[in-house]
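The values are calculated or read from the model by the stated rules, or taken from the named source; none is laboratory data. None of these values were measured; they are calculated from a predicted model. Cβ coordinates were reconstructed from backbone atoms using ideal geometry, including for glycine residues, and neighbour counts include every protein chain displayed.
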Amino acid sequence: MIHRAPDHCWLLTTVVGAGIQADLKVFSAFGVYGMSAITAITVQNSSGVYQSIPVSSETVYSQIETVVTDIGIDAFKTGMLQTEDNVLAVSEAVKKFKMKNFVCDTVIKSKNGRYLLDKNAVKTFIKKIIPLTDVITPNTDEAQVLTGVHIKTVQDMKRAAKELVKMGAKVAVVKGGHLPQGDSITDVVYDGREYILLTYPAVKTENTHGTGCTFSSAITACLSKGLHPLKAVRVARAYVQGAIENALNIGKGRGSLNHFWTVR
Ligand SMILES: Nc1ncnc2c1ncn2[C@@H]1O[C@H](COP(=O)(O)OP(=O)(O)OP(=O)(O)O)[C@@H](O)[C@H]1O
Ligand SMILES: [Mg+2]
């Protein structure tokens, strides 16, 4: 019998229901070995994010260094970075340790409208993070903030995706979950050559806590297994659909996705 050691995945994001707690479950669901560096501690539940306390940039950098120089990583993702200092610390670490297969979930605002990336950090994020990314996954609101493209239609999503690739991302995935599209939801993927539209039935549910984290960590897990980025995005999108269809109706607000829906 052959047992392949799980790939190492690594992530930088925050604590609780979405964020790191979702990411690590996704990594486990994909059978890869997840590790984390905390960039901020949040106070949140199914109804929203109420407080966020950033970790110092020195501590963020050290967390990355200790993991990367010990175990090593095959892919990684970022989620909430919160401060300009943390944006800079992450960008420095990615370059210093030549970290590969970078999935950037552009966490800017929570579903209940709280800013999770300081407004004064957005310019630095654009300059220092986007050019390092292999896959970037903004929702339409975030894509609008990052590119300045006003997004109302799939055509606008395409323009924003093209802009993100011009800004340095290798593959841009503009997610359509926030755009009213009737019975289906389309995400637009652009790799500098072609547009791919991923269209899925819109699940009629309130239980969508952590959809973005789940999608990006699934892409990261697939990259760590050596999948081509476009294939990784497709596999991750199918996985998220199942996780939403089987979501858990817990809490007073938005319930969580079921990250282990494939495990029966
Ligand atoms: N109701 C739904 N039914 C099916 N797919 C959905 C639904 N809502 C979101 N998705 C999909 O989930 C993925 C995440 O998209 P979404 O736009 O919700 O991200 P997000 O806004 O970053 O999420 P979060 O608020 O968790 O950060 C996308 O692939 C999107 O198409
Ligand atoms: Mg998000």
Exercise. For residue 86, work out the one condition from (1) within 16 Å of ligand 2 (Cβ to nearest atom); (2) buried (at least 21 other Cβ atoms within 10 Å of the Cβ); (3) in a helix (DSSP H, G or I); (4) not aliphatic (A, V, I, L, M) it doesn't fulfil.
Key: (1)
Self-check item: Matching residues in region 99-143 - criterion: being within 16 Å of ligand 1 (Cβ to nearest atom) and of a type in the set (D, E, K, R)
Solution: 105, 109, 111, 114, 141, 142
Quiz item: When only residues in region 216-264 that are polar (S, T, N, Q) and within 15 Å of the chain's Cα centre (by Cα) count, which is nearest to residue 203 (Cα to Cα)?
Solution: 216
Practice problem: List every residue pair whose Cβ atoms lie under 8 Å apart, where the two residues are 6 or more positions apart in sequence or sit on different chains, the first residue falls within region 118-144 and is without any contact (Cβ under 8 Å) to a residue 40 or more places away in the chain and within 16 Å of residue 84 (Cβ to Cβ), and the second residue, located anywhere, is part of a helix (DSSP H, G or I) and within 15 Å of ligand 1 (Cβ to nearest atom). | Solution: 122/145; 122/146; 130/146; 130/164
Practice problem: Among residues belonging to region 15-55 that are in contact with a Ser or Thr (Cβ under 9 Å, 6 or more places away or on another chain) and in a loop (DSSP other than H, G, I, E, B), point out the one that is surrounded by the most Cβ atoms within 10 Å (Cβ to Cβ). | Solution: 18
Quiz item: If you go through region 175-189 one residue at a time, how many are near ligand 1 (Cβ under 7 Å from one of its atoms) and either over 20 Å from the mean Cα position of the chain (by Cα) or of a type in the set (Gly, Ala, Ser) (or both)?
Solution: 2
Quiz item: What are the residues in region 198-207 that are more than 10 Å from residue 173 (Cβ to Cβ) and in contact with a helix residue (DSSP H, G or I) (Cβ under 7 Å, 6 or more places away or on another chain), if any?
Solution: 200, 203, 205
Quiz item: Quick one: in region 145-161, which of the residues that are out of contact with any helix residue (DSSP H, G or I) (no Cβ under 7 Å at 6 or more places or on another chain) and not in a loop (DSSP other than H, G, I, E, B) is farthest from residue 109 (Cα to Cα)?
Solution: 155
Practice problem: State whether one or more residues within region 224-236 are within 16 Å of ligand 2 (Cβ to nearest atom) and not charged (D, E, K, R). | Solution: yes
Quiz item: Looking at region 199-224, which of its residues are modelled with pLDDT of 95 or more and surrounded by fewer than 18 Cβ atoms within 10 Å (Cβ to Cβ)?
Solution: 199, 200, 201, 202, 203
Exercise. Might you let me know whether region 205-214 holds any residue that is over 20 Å from residue 79 (Cα atoms) and either away from ligand 2 (no atom under 16 Å from the Cβ) or more than 19 Å from the chain's Cα centre (by Cα) (or both)?
Key: yes
Self-check item: Looking only at region 162-189, and only at residues there that are outside any loop (DSSP other than H, G, I, E, B) and in contact (Cβ under 8 Å) with a residue 40 or more places away in the chain, the one that is nearest to ligand 2 (Cβ to nearest atom)
Solution: 175
Quiz item: So, in region 190-216, of the ones that are touching a strand residue (DSSP E or B) at 6+ places or on another chain (Cβ under 6 Å) and either aliphatic (A, V, I, L, M) or part of a helix (DSSP H, G or I) (or both), which residue ends up farthest from ligand 1 (Cβ to nearest atom)?
Solution: 196
Exercise. Could you tell me which of the residues 8, 3 is over 14 Å from the mean Cα position of the chain (by Cα), at pLDDT below 95 and surrounded by 15 or more Cβ atoms within 10 Å (Cβ to Cβ)?
Key: 8
Exercise. Hey, can you tell me all the residues within region 118-140 that are at pLDDT below 95 and closer than 25 Å to residue 218 by Cβ?
Key: none
